[in-house]
Structures are given as structure tokens and as C-alpha cells.
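Colleague: To start, I am sharing the structure in question, which I have written as C-alpha cells.
Laboratory data are not the source of any read-out in this text; all were calculated from the coordinates shown. In this text, all values refer to a predicted model and were calculated from it rather than measured experimentally. Don't worry about glycine lacking a Cβ; one is built from the backbone with ideal geometry, like all the others, and counts go over all protein chains shown.
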Amino acid sequence: MKVQLFVLILFFSSASVIALIAYYVFRSSQPTTTNKESVKDPIKKRGIFLFIWFFILAVIFSVTLPKSPYYIFTDETPNQVVYVAARQFFFMLANEPIEPNVPKMEKIEVPVNKTVEFRVTSFDVNHGFAIYNERSELVTQTQAMPGYVNKLRWKFKEPGNYKIFCLEYCGAGHQLMQSSFVVK
Amino acid sequence: MTTLSLKKTTSAWIITILVLFIIAISFGITMRFNQGRDINLNPDTFYSIMTVHGVTMIGIWSCAGMMAVNYLLSRYVKTSVKLNVFAYAFTVVGVLMIWASTLIGKFHAGWTFLYPLPFRVAWAKWGTPLFLWGLTLLAVVWLVWAIGMVAQILRNYSLSESLAFQHLSRTKTPAKETPPFILISFVSLIGIIICLVTAAILMALLFAEYYSNGGFVNDPLLVKNLTYFFGHTIANEALYLGLATLYEIMPEVSGRPKFKTTWYVALGWQLSLFFILTAFFHHLYMDFVQPISFQIIGQMASYLASIPSAVVTVLSVIFLVFGNKIKWNIVNGLFFLGVTGWIIGGIGALIDATISNNIVLHNTLWVPAHFHTYNAMGNVLFSLAFFFWVGNEFVDSKDYSKFNKLLLALLIIGGFGFVIMFYIGGANSIPRRYSVYPKELNLGDILATLGGAFASVYLLAILWIFIDLMKKCIKVFSSAR
Ligand code: HEM
Ligand SMILES: [Cu+2]
Ligand SMILES: [Cu+2]
């Protein structure tokens with residue numbers, strides 16, 4: 001299951017559980033109920049709750065952290081390097097480094113199932129560099145920051161036409177910035 | 001002691017905040033309908049509206065928290081009405097400056113004005129300095145206000161008492177008790193002070209570049225860290241101020257004993273200050289040049305921040321209500337609903353604060369989804385609860401009105417409907433901050449139209465509340481006692 005669908009289901013189910021608990025707590029407090037401390041031994045209950053919640057978080061933390069982009073494909077040598085430079089309001093993609101004052105836009109083709117490295121920077125403001133597959137699903141992304149080069153590594157599992165959108169607000173043409181490349 | 005002049009100032013705050021809120025919501029609905037292609041704005045108009053919506057919302061709800069704390073502080077320490085009036089007057093000036101720069105000057109660098117965008121002038125030349133000076137004015141005025149309130153607390157409670165250190169012992173009861181309200185206000189005000197000092201440094205760096213004509217150039221990564229330290233912290237501390245009022249008011253309007261500071265309440269809030277100041281790193285997860293240790297701290301602090309709030313505050317509210325005889329009314333009703341919305345938004349935030357999810361959620365509509373949940377359905381409701389409570393003080397009444405069922409339905413359906421469209425958009429990779437969506441992502445259009453429609457229902461509820469509150473707020477000005 002793709003991450004986005006998983007988190008959406010996770011979110012809606014937790015939100016429903018929380019709403020149900022809230023409703024249940026609310027219903028338990030109608031004027032007919034007596035007014036004595038109804039929760040016995042609250043400190044112990046807090047302790048149990050703390051323990052369970054901490055445990056859940058610790059498990060999620062240790063499962064998800066290794067999947068962070070900083071750790072994936074780091075021990076591989078990339079098969080291809082793609083240079084990316086963003087400007088208001090377009091992307092330049094090339095197979096060699098791009099100089100700030102020499103616009104360069106090449107048709108890019110990268111191999112399927114091989115490690116590709118994108119070296120992403122910007123020549124003016126902050127931009128985003130987000131890769132979308134043919135079903136318009138966000139696959140991966142990094143920021144394009146002036147003065148810095150972010151290295152994004154990825155292995156494309158499906159061939160096809162991939163789109164690039166800008167995911168950092170960069171001015172009135174932000175929604176128009178796009179580019180594309182082919183995975184073969 | 002609450003005086004008439006304090007009531008008048010508070011009333012002026014409430015009227016101003018609600019009027020600005022209604023206008024800012026209308027801007028929000030306008031944005032949604034533009035994204036749905038129901039109306040057609042120029043991109044620069046859209047983004048000017050987006051910028052002014054963001055600053056106004058963050059500004060008014062921070063002020064709402066500060067002025068509520070200021071009001072309630074007067075129960076425990078001597079507060080200064082002059083300081084409160086000073087803050088009010090200059091906040092209005094600051095807001096007018098920002099509104100002029102965005103709505104007339106068309107400044108549209110977003111409410112986070114991420115460097116170097118403000119300097120790539122694509123609007124009236126004076127827009128950039130007016131916006132930045134407006135923000136600087138607000139930061140300085142609120143800094144003075146927050147420091148003033150901290151000083152007022154310190155006159156009655158020592159530093160360690162304000163932080164409730166004497167409550168940490170599990171065995172002996174301390175000689176002098178620190179009410180939870182004092183502890184939470186103090187911790188949040190300290191957080192606000194740290195955050196506003198950072199804002200002042202950030203502004204100084206930006207002005208240095210702006211006025212040096214290229215003699216001084218900033219480091220974009222450093223400025224981004226400072227920007228999000230400020231932005232993240234102010235938004236979160238505003239919510240904590242709302243929780244301080246909850247601790248103070250909710251038991252007394254429910255006919256239940258006051259909350260007490262216990263060792264775990266003290267410890268929880270002391271720790272929360274620490275976590276809130278490091279969680280902002282989650283805004284830079286997609287900057288791979290940032291040291292990896294910061295990224296890990298970001299995820300860890302974001303997770304840990306949920307522990308004190310969940311284990312302490314949420315359980316306190318549940319234990320207050322569960323199985324007890326509660327006098328339900330609009331005040332504790334809004335608090336209770338607000339806590340629910342806050343937690344639901346918190347789950348959305350935790351999901352996004354997980355780096356391996358963030359790679360596909362960062363800067364999608366998932367972001368406005370979660371922060372609108374804990375603001376529009378969380379913090380805003382805490383502040384509205386305070387407004388209703390203090391409205392009764394204005395007219396010397398202890399009879400809190402009932403939570404009208406229709407009003408409740410409008411709030412819940414409108415509010416949650418509005419944010420659900422954002423969540424679905426985020427999970428479908430629709431970017432945030434797009435004036436219109438490209439054809440590949442046109443699922444965003446219909447979601448936006450629906451979101452705008454739900455938000456209009458929410459606006460109806462707010463107008464209802466506004467009319468209700470105005471009756472009481474205006475009365476204060478005619479009373480002469
Ligand atoms: C029902 C009321 C509201 C509506 C209809 C609304 C609508 C919107 C919309 C459409 C956006 C732009 C989303 C995008 O990125 O595409 C937005 C952004 C934002 N909203 Fe709201 N909003 C509401 C309430 C609030 C509240 C209560 C807050 C409180 C803090 C808030 C704070 C913000 C902020 C900080 C932004 C980001 C602005 C930026 O990207 O520069 N909003 N809102
Ligand atoms: Cu861009
Ligand atoms: Cu952009």
C-alpha cells in the first residue's frame with residue numbers, strides 16, 4: 001500500500017476513535033450521575049497510559065527512522081547523476097553541472113531500477129523539487145535552496161513520464177513551475 | 001483584582017479579534033473557491049490574500065491567548081492595564097501596516113516570508129519594508145507585553161515557584177502552591193519571549209541585508225532555521241496559552257473542584273517547554289544539507305511533545321468530566337470540543353512529523369490540514385470559550401448560556417468538513433499554496449470547492465457567536481462603575 005493511502009486510513013481511524021472516546025466521556029457525565037471522584041487511582045491510570053503511549057511512539061520511531069531519505073541508497077554508487085537548478089519560474093535539468101548565467105535545459109532519461117542522484121539547487125529563491133509519477137502521485141522530493149546542493153537519490157520502479165512540480169512557495173508563478181523526465 | 005478598565009480593554013480585544021477573524025475567514029473561503037476555479041483571481045492577488053490570512057490568523061490568536069492570560073493573571077498578581085492598552089494600540093498599528101503592505105502594496109511572500117523571497121520584489125517597492133517593519137513592531141510590542149507579564153508573576157512567585165519546582169517532590173506538600181494557571185502561563189510566556197527574541201534577530205538580519213545594498217548577504221539555511229523556529233514556536237505557544245485558560249476556567253464553570261498542580265503536572269509542563277523549542281526542525285526535513293542529527297532531534301521532539309500534553313492535559317480533562325455531574329454550557333462545551341479537535345489535529349501533525357511520511361506529505365495540503373484542525377477546531381475554540389466566560393463577567397452573571405445544538409452542529413460539520421478536504425488533498429499529493437491546480441492534479445479543484453462550502457458553514461457559526469458576544473462586549477463600555 002502506498003504511504004499516502006496508509007496514513008490517510010490511519011488518520012481517519014484514529015480520529016474516529018478519538019471522537020468516539022470524547023463522545024463516550026461526554027455521555028458519562030450527564031446530570032443523573034453522582035458527583036464523586038469516578039476515576040479511581042488516577043495516578044496509576046496516568047502511568048499506564050504514559051507507558052502505552054511511550055511504547056507506541058518508540059516502536060513507530062524505530063521502525064520509521066531507518067526509512068528516512070538520508071539513509072536510503074547511501075551505500076550505492078549512483079548510475080546516473082542529474083543536475084537540477086530552479087529559477088522563478090522554471091526548472092533546468094541537465095546531465096552536466098549548470099552555471100548560474102548559462103541556461104541549460106536537456107531532455108533527461110534515467111534508467112529504471114537503477115540508483116539515480118539528483119543534485120538540486122536554486123539560482124534565486126527557495127523552490128521545491130518534487131517528482132510525480134504517471135498517476136500524479138508524489139514519489140519523492142527535496143528542497144532547492146540557493147547556495148546549497150541537496151542530493152536526492154532514488155530508484156524508479158516503473159518506467160514512464162515523470163513530472164516535476166515546485167513544492168516550496170516561490171512567488172506568483174509558483175503553481176506554474178513544472179518540468180518532466182523519462183524513466184526507461 | 002479585575003477593574004472596569006481591564007474589562008473594557010479585554011472587550012476591545014475581543015471585538016477587534018472577532019472582526020479580524022471574520023474577515024480572515026472570508027479571505028480563506030475566497031482562496032478555496034479560487035482553487036476550485038469557482039472564481040478567478042490574479043495569482044498575485046491570491047498570494048497577497050494568502051499572506052495576509054496567515055499573518056492575521058497567527059497574530060489574532062496569539063493576542064487572544066495573551067490577553068486572556070493577562071485578564072486571568074489579575075486574579076493572582078497585580079497586572080498593568082496600561083501595558084495591556086499599549087499592546088492593544090500598537091497591535092492595531094502593526095496589523096494596519098501589514099494589511100496595507102499586502103492588500104494595497106500586493107506584498108505576497110507568504111506569512112513565513114522565507115528569505116530571499118521578500119527581496120525579489122514583485123509588488124510595490126514599499127511593500128517589503130512596510131511588511132517587515134509591521135512584523136518587527138508586533139514582535140517588539142508583544143515582547144514588551146510578555147516580559148511585563150513575566151515580571152508581574154515574578155513579583156508574587158519566585159522563579160522556581162513560577163516553574164512549580166517545589167511541586168516536584170512526590171511526598172511532601174509544598175508551603176506555597178503554584179496554581180496550574182500560573183505555571184502554564186509562565187512556561188508559555190517564556191517560550192514566547194524566546195521566540196520573539198529570535199524574531200527580532202531574524203528581522204535584524206533581514207534589515208541588514210536590505211539596507212546595506214549588497215554589502216551584507218544572509219545564509220539561506222540559517223535564516224530558514226530562524227524563520228521556522230519563530231513561526232513554529234509562536235503558533236504552538238498560542239495554543240498553550242489557550243490551555244492555561246482552560247485549566248483556570250473549565251473546572252469552575254463545570255461545578256468541579258479546581259485543578260491542582262501535582263508533580264506530574266509540574267514535570268509535564270516544564271518538559272513541554274523544552275520539546276516545543278526543538279520540534280521546529282521538522283520544517284526542514286526536506287533540506288538534506290541540514291545536519292542529520294537535527295532531523296532526528298526534530299522527529300524525536302515532535303513525538304515527545306505529545307507526551308506531556310496527552311498524559312497531563314488530556315487525561316486531566318477526561319478525569320474532570322468522566323462519570324461526573326457536569327453543568328454543561330457554552331464555555332466548558334467549547335473547551336471540551338476544542339480538546340478533541342486539538343488531539344485529532346495532533347495525530348495529523350505526528351504523522352507529518354515522521355520523516356519517512358514527510359517525504360510525500362511535505363508542503364502538500366496535509367500541512368494546512370493538520371494545523372487548521374488544531375487551530376480552527378482547537379485553539380480558536382479555547383479562546384472563544386474564554387470570550388464567553390469573560391462576557392458573563394462583563395454583565396455580572398454566572399448563568400452561562402447553553403451550547404445551542406444547531407450552533408454545535410454548524411461548528412462541527414463546517415470545521416471538520418473543511419479540514420477533511422485538506423487531508424484528502426494532501427494524501428492525493430495536492431500541493432499547498434497553489435492559487436490553482438495544474439490539470440494533472442485537478443482532483444484538488446473539487447476538494448477545494450467542497451472545502452470552501454464547508455468553511456462557509458463554519459463561518460455561519462462564527463457569525464452567530466460574534467452576534468452573541470457583541471451584546472455583552474458593548475455593554476461594558478456603557479457601564480460606569
Ligand atoms: C474556516 C476558517 C479558515 C479558512 C477557510 C482558511 C483557509 C485557508 C486556506 C485556503 C489557506 C491556503 C491553503 C493552501 O496552502 O493552499 C490557508 C492558509 C493558512 N491558514 Fe487558514 N483558514 C481558516 C482558519 C485559519 C485559522 C483559525 C488559522 C489560525 C492560526 C489559520 C492559519 C493559516 C495559516 C498560518 C496559513 C498559511 C498561510 C501561508 O501559507 O502563508 N487559518 N487557510
Ligand atoms: Cu519554485
Ligand atoms: Cu514554487
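Colleague: Can you give me the Cα centroid spacing of the range B:387-402 and the range A:147-184 in angstrom?
Modeller: Cα centres, the range B:387-402 to the range A:147-184: 55 Å.
Colleague: Which residue, A:Val84, A:Val120, A:Val112, has the most motion in a Gaussian network model of chain A that connects Cα atoms within less than 10 Å?
Modeller: Between A:Val84, A:Val120, A:Val112, it is A:Val112 that shows the largest mean-square fluctuation.
Colleague: If you don't mind, another one. Rounded to the nearest 20 Debye, what is the dipole magnitude of the range B:4-477 about its Cα centre when Lys and Arg each give +1 and Asp and Glu each give -1 at the C-beta?
Modeller: Once rounded to the nearest 20, the dipole reads 1100 debye.
Colleague: Can you tell me which aspartates and glutamates have their Cα less than 16 Å from the Cα of B:Lys82? Leave out same-chain residues fewer than eight positions away.
Modeller: Straight-distance partners of B:Lys82: none at all.
Colleague: Moving on. Can you give me the angle between helix A:3-27 and the longest principal axis of chain A, using Cα atoms only, in degrees from 0 to 90, rounded to the nearest 10?
Modeller: Helix A:3-27 sits at roughly 20 degrees to that axis.
Colleague: A further question follows. Compute the Kirkwood hydrodynamic radius of chain A, taking the inverse of the mean of 1/r over all pairs of distinct Cα atoms, and give it in Å to one decimal.
Modeller: With all distinct Cα pairs of chain A included, I get 20.2 Å.
Colleague: Using alpha-carbon pairs under 8 Å, 6+ residues apart, how would you state the relative contact order of chain B in percent?
Modeller: 18 percent
Colleague: Please compute the contact order of the range B:358-481 in relative form: average sequence separation of alpha-carbon pairs under 8 Å and at least six residues apart, divided by the residue count, as a percent.
Modeller: Details: 118 pairs, mean separation 47.7, N = 124.
With pairs under 8 Å counted, the relative contact order is 38 percent.
Colleague: Quick one: compute the contact order of chain A, relative version, from alpha carbon pairs under 8 angstrom and 6+ residues apart, as a percent.
Modeller: Computed over chain A, the figure is 18 percent.
Colleague: So what are the radius of gyration and Dmax for the Cα set of the range B:124-173, in Å?
Modeller: Taking only Cα atoms of the range B:124-173, I get Rg and Dmax of 19.3, 64 Å.
Colleague: Which three extents, in angstrom, do the Cα atoms of chain B have along their principal axes, listed largest first?
Modeller: 60, 48, 46
Colleague: From the residues A:Tyr24, B:Gly417, B:Val395, which one has its Cα farthest along the dipole of the protein assembly as shown in the positive direction, the dipole being from +1 and -1 charges on Cβ of Lys/Arg and Asp/Glu about the Cα centre?
Modeller: B:Val395
Colleague: More than 32 Å apart: what percent of Cα pairs in the protein assembly as shown qualify? If you can, show how the numbers build up before the last one.
Modeller: Details: 110223 of 220780 pairs.
Roughly 50 percent, once rounded to a whole number.
Colleague: Measure nothing but the geometry: give the 0 to 90° angle between the long axis through the Cα atoms of A:42-64 and the longest principal axis through the Cα atoms of chain A, rounded to 10°.
Modeller: 20 degrees
Colleague: I would also like to ask the following. Alpha carbon centre of the range B:245-316 versus the range B:111-164: separation in Å?
Modeller: What the calculation gives is 22 Å, centre to centre.
Colleague: I would also like to ask the following. Taking the Cα centre as origin and putting +1 on Lys and Arg beta-carbons and -1 on Asp and Glu beta-carbons, what dipole magnitude results for the range A:80-183, to the nearest 20 debye?
Modeller: 220 debye
Colleague: Taking beta carbons within 10 Å but only from partner chains, what does the mean come to for residues B:372-381?
Modeller: Average per residue, whole number: 0.
Colleague: Right, next: Of the listed pairs A:Lys104/A:Lys157; A:Lys67/A:Lys184; B:Lys78/B:Lys475; B:Lys405/B:Lys475; B:Lys327/B:Lys475; A:Lys45/B:Lys224, which have alpha-carbon separations greater than 30 Å here? Numbers along the way, then the final one.
Modeller: Numbers: A:Lys104/A:Lys157 28 Å; A:Lys67/A:Lys184 25 Å; B:Lys78/B:Lys475 25 Å; B:Lys405/B:Lys475 26 Å; B:Lys327/B:Lys475 26 Å; A:Lys45/B:Lys224 42 Å.
Violating the 30 Å limit, Cα to Cα: A:Lys45/B:Lys224.
Colleague: A further question follows. Would you tally the net charge around B:Phe107, using a Cβ to Cβ cut-off of less than 13 Å, leaving B:Phe107 out, and scoring K and R as +1, D and E as -1?
Modeller: With Lys, Arg at +1 and Asp, Glu at -1, the neighbours total +2.
Colleague: Taking the Cα atoms of the range A:80-183, report the difference between the largest and smallest coordinate on each principal axis, in whole Å and largest first.
Modeller: Extents along the principal axes, in whole Å: 33, 27, 20.
Colleague: Note down, for the range B:41-81, the three equivalent ellipsoid semi-axes (square root of 5 times each alpha carbon gyration tensor eigenvalue), biggest first, whole angstrom.
Modeller: After scaling each eigenvalue by five and taking roots: 36, 6, 4 Å.
Colleague: Taking the Cβ of each residue in B:Val197, B:Val312 as the centre, tally the other Cβ atoms inside 10 Å and list the residues starting with the fewest.
Modeller: Ranked by crowding around the Cβ, least crowded first: B:Val197, B:Val312.
Colleague: Something else now. Angle, helix B:330-352 long axis vs. longest principal axis of chain B, Cα atoms, 0 to 90°, nearest 10?
Modeller: Result, in degrees: 40.
Colleague: What are the semi-axes of the equivalent ellipsoid of the range A:2-67, taken as the square roots of 5 times the eigenvalues of the Cα gyration tensor, listed largest first and rounded to whole Å? Write out the running numbers ahead of the final one.
Modeller: Values: eigenvalues 213, 73, 3 Å².
Result for the range A:2-67: semi-axes of 33, 19, 4 Å.
Colleague: Find out how many positive minus negative residues lie around B:Leu183, taking Lys and Arg as positive, Asp and Glu as negative, among other residues whose Cβ is under 12 Å from that of B:Leu183.
Modeller: Cβ neighbours under 12 Å give a net charge of -2.
Colleague: Still on this structure, I have one more. When the helices in chain B are scored as -39500 (n - 2.57) per DSSP H run of 4 or longer and the sum is shared across all residues, what 222 nm value do you end up with, to the nearest 500 deg cm²/dmol?
Modeller: -23500 deg cm²/dmol
Colleague: Next question, about the same structure. Charges at C-beta only: +1 for Lys and Arg, -1 for Asp and Glu. How large is the resulting dipole of the range A:2-67 about its Cα centre, in Debye rounded to 20?
Modeller: Roughly 60 debye, rounded to the nearest 20.
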